[in-house]
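A.B. asks: Quick one: structure below, then a few questions.
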Amino acid sequence: MTTTQTSPPVTVTLESGPSGSGSIDDFELFYARRALDRFRTRLGRQGLLDLLAADIEEGNNFLRDSARASDGRFTAGTTVLSTRGLTSAAFLAWMDKAFAGDEHALLAAHPEHYVMGTDAIGARVVENIGPHVCSFYMGGWGTDAMAWAADADELLPESEFPHKMSSNLFLADGTVVGRALIQFGDTADGFTASLSVYFPAAAPDDVLEHHLRHYAVEFRNWIVAAAAHA
């Protein structure tokens, strides 16, 4: 039995009908994902970029202005996920393959992923940063790329999280607008992922908060996809 409540309080209960398991919310999520995948596929990468051009310009101006106002200062936050039934090595192997060219798998992990791929500048990501649609690049992303290893060592011990990946986030004009540090360590029955992001200190607090939620959604879905292909 599935019950849905709203405010003011109205209760809707699914008593019978569908033979499959799941709540009404589960059904809605399935259909929302299917519709979104259809629109992404029909529009294609360039169609999405054309559609979002004005939003991207506005979002990138926000990031640029925040970076300039912050004068090199960043605010950090971390999302931690615990996984059972899959090793970090298996997940990272899947992730390496996905980032090497499986844009569909990368986009499918979050509704606000629009473009993930390379162009003349480098590894490009178009996604929401808080409420803003932004287009930025990731520099030096990789298992051996630690552009600021001292920062990583201060956050978590090497022995607990031996697998580290880091990157600066920058705009097409070279303005550094953030940093990412993701770390993985195996546990007895799976692995723990520590996912840190750094944004300009002048950016509103909700920008960081929403990206911590963003991390939770996208990495949960990437981990589930990796497990399905393990």
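The values are calculated or read from the model by the stated rules, or taken from the named source; none is laboratory data. Given the structure is predicted, the values throughout are model-derived calculations rather than measurements. In this analysis, Cβ positions are derived from the backbone assuming ideal geometry, glycine residues included, and neighbour counts consider all displayed protein chains. Note: accessible area is taken over every heavy atom of the protein model, side chains too, but ligands, DNA and RNA are not part of it. Shrake-Rupley method; radii C 1.70, N 1.55, O 1.52, S 1.80 Å.
A.B. asks: Against the conditions (1) buried (at least 17 other Cβ atoms within 10 Å of the Cβ); (2) more than 24 Å from ALA203 (Cβ to Cβ); (3) modelled with pLDDT under 75, where does TRP141 fall short? Just the number, please.
C.D. replies: It fails just one condition, (2).
A.B. asks: Oh, and also: Search the stretch 41-64 for residues being without any contact (Cβ under 8 Å) to a residue 40 or more places away in the chain and of a type in the set (Asp, Glu), and hand back the single one that is farthest from GLN183 (Cα to Cα). Working first, answer last.
C.D. replies: Going through the stretch 41-64, the residues without any contact (Cβ under 8 Å) to a residue 40 or more places away in the chain turn out to be 41-44, 46-47, 50-51, 53-54, 57, 61.
Add one more test, that the residue is of a type in the set (Asp, Glu), and what stays is 50, 57.
Working: ASP50: 35, GLU57: 31 Å.
Among those residues, the one meeting the criterion is ASP50.
A.B. asks: Do you know which residues across the stretch 95-138 are touching an Asp or Glu at 6+ places or on another chain (Cβ under 9 Å) and of a type in the set (D, E, K, R)?
C.D. replies: If the condition is that a residue be touching an Asp or Glu at 6+ places or on another chain (Cβ under 9 Å) and of a type in the set (D, E, K, R), then GLU112, GLU127 are the ones that fit.
A.B. asks: How many residues, within the stretch 90-132, are in contact (Cβ under 8 Å) with a residue 60 or more places away in the chain, surrounded by fewer than 20 Cβ atoms within 10 Å (Cβ to Cβ), in contact with a strand residue (DSSP E or B) (Cβ under 9 Å, 6 or more places away or on another chain) and in a strand (DSSP E or B)?
C.D. replies: Here the count works out to 2.
A.B. asks: Separate question: Pick from the stretch 209-220 the residues that are of a type outside the set (Asp, Glu) and open to solvent by 30 Å² or more (accessible area, probe 1.4 Å): which of them is nearest to PRO111 (Cα to Cα)? I'd like the intermediate steps shown before the answer.
C.D. replies: In the first step, residues of the stretch 209-220 are kept if they are of a type outside the set (Asp, Glu); the result is 210-217, 219-220.
Subset that is open to solvent by 30 Å² or more (accessible area, probe 1.4 Å): 210, 212-213, 216-217, 220.
Details: HIS210: 13, LEU212: 15, ARG213: 12, ALA216: 13, VAL217: 9, ARG220: 13 Å.
Among those residues, the one meeting the criterion is VAL217.
A.B. asks: State whether the residues of the stretch 38-57 include one that is open to solvent by 80 Å² or more (accessible area, probe 1.4 Å), of a type in the set (Asp, Glu) and either modelled with pLDDT of 95 or more or within 20 Å of HIS214 (Cβ to Cβ) (or both).
C.D. replies: Yes, some residue in the stretch 38-57 is open to solvent by 80 Å² or more (accessible area, probe 1.4 Å), of a type in the set (Asp, Glu) and either modelled with pLDDT of 95 or more or within 20 Å of HIS214 (Cβ to Cβ) (or both).
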